[in-house]
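Have a look at the structure below, then the notes.
The values are calculated or read from the model by the stated rules, or taken from the named source; none is laboratory data. Computed from a prediction, not measured in an experiment: that's the story for all the values here. Every residue, glycine among them, receives a Cβ derived from its backbone with ideal geometry; neighbour counts consider all protein chains shown.
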Amino acid sequence: MNSPAKILVVDDTPRNVKLLADLLTVKGYSVATAASGREALASVEAEQLDLVLLDVVMPEMSGYEVCRAIRAQPATAMLPVIMVTALDPGEERVKGIEAGADDFLTKPINQSELLARVRSLLRIKELYDQVQDQAAELSEWNKTLEHRVQDQVTQLERLGRLKRFFSPQLAELIVAGGADDPLKTHRREVTVVFLDLRGFTAFAETAEPEEVMGVLREYHSEMGKLILEHEGTLERFAGDGMMIFFNDPAPVPNPAERAIRMALVMRERVQELTVKWRKLGYDLDFGVGIAQGYATIGAIGFEGRWDYGAIGTVTNLAARLCGEAKPGQILIAQRLLGTVEDIVEAEAVGELTLKGLHRPVAAFNVLGLKS
């Protein structure tokens, strides 16, 4: 023990109290005294005691009654009690054990025996206290673990929701606090990519539902891999159509170049898929529209069903360019071409009058990357 053990000496005879108190004090123990059973119980309740040396024969309240009262309280149920008596030791020992005493001494007290029994019970008390402290610490660890598990479950749930829109790396960064909350409405310059399958409407009208779903699963799986690979954000997909944007929720270097590179790889992959599809009689191809500009971005929806959306002319422009793209074309606006003209080969397709836009738009078809 770090501090001296505290022993309560209870006896209605002052001379006995002084004798025991002096002996224990000399041996380095801290001593409290009580002259009656009621004083003893008051001390037990008020002080942090390590052992009680309790006389059996006292007026008003016997030592047995005091011992039973100590044992009745959960806080002191394990407090060591040594009972002291001058009466017949055999009969009194049985009564003491029944009352809950841990040990028994007869008067006149043998000092060596007293000190040995005190040391023995204090060692037991110390071990018990250690076990209690460890149990309390373990309980606190369990609570902490429960909180951590709950926090991790919450994070995993949030991570699962975020992975619907963002790459796994970015979703984990957001959950860990390494990126701003993307669901707050904000404004940012982004590069938007729209893509869909040419001939899909006619295919869906004539093919069996299982065939349509098979094509979509294959198409979405391949496009999804490429979106994640290029760190794009999937805003939504509806049937064969997808909208992806770059530079949000976290800025990325060269968003326009990433978008172009992704679209070119997608076109190559769909060309591989169409070879297989045509063998099955599916007449499908691929078109893309890409635009760059500012958009307002954030959570869109209602409680229980949120989507991550971008609103602005740039999204409309990319969608309209996609709608105008012929099979295999990747159409971009002139503003975007100015950003990537050092790395791409493109051909002009003329000015297009697009729904929802007041002026014709000069559009270009991306042929590939420059050598």
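Rundown of residues vs (1) surrounded by 14 or more Cβ atoms within 10 Å (Cβ to Cβ); (2) out of contact with any helix residue (DSSP H, G or I) (no Cβ under 6 Å at 6 or more places or on another chain); (3) not small (G, A, S), yes/no style:
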site	(1), (2), (3)
K18	no, yes, yes
D22	no, yes, yes
V26	no, yes, yes
S30	yes, yes, no
A46	no, yes, no
Within the range 1-20, restricting attention to residues that are out of contact with any strand residue (DSSP E or B) (no Cβ under 9 Å at 6 or more places or on another chain) and in a loop (DSSP other than H, G, I, E, B), which residue is nearest to I82 (Cα to Cα)? M1
Just checking, how many residues over the range 253-268 are farther than 16 Å from L331 by Cβ, hydrophobic (A, V, I, L, M, F, W, C) and crowded, with 19+ Cβ neighbours inside 10 Å? 0
Selection from the range 269-286 of residues that are under 22 Å from A333 (Cα atoms) and either at pLDDT 95 or above or among the hydrophobic types (A, V, I, L, M, F, W, C) (or both): F286
Positions within the range 43-79 being closer than 17 Å to E92 by Cβ, not basic (K, R) and not in a loop (DSSP other than H, G, I, E, B), in sequence order: V52, L53, L54, D55, G63, Y64, E65, V66, C67
Scanning the range 107-132 for residues that are crowded, with 17+ Cβ neighbours inside 10 Å and not hydrophobic (A, V, I, L, M, F, W, C) gives R117, K125
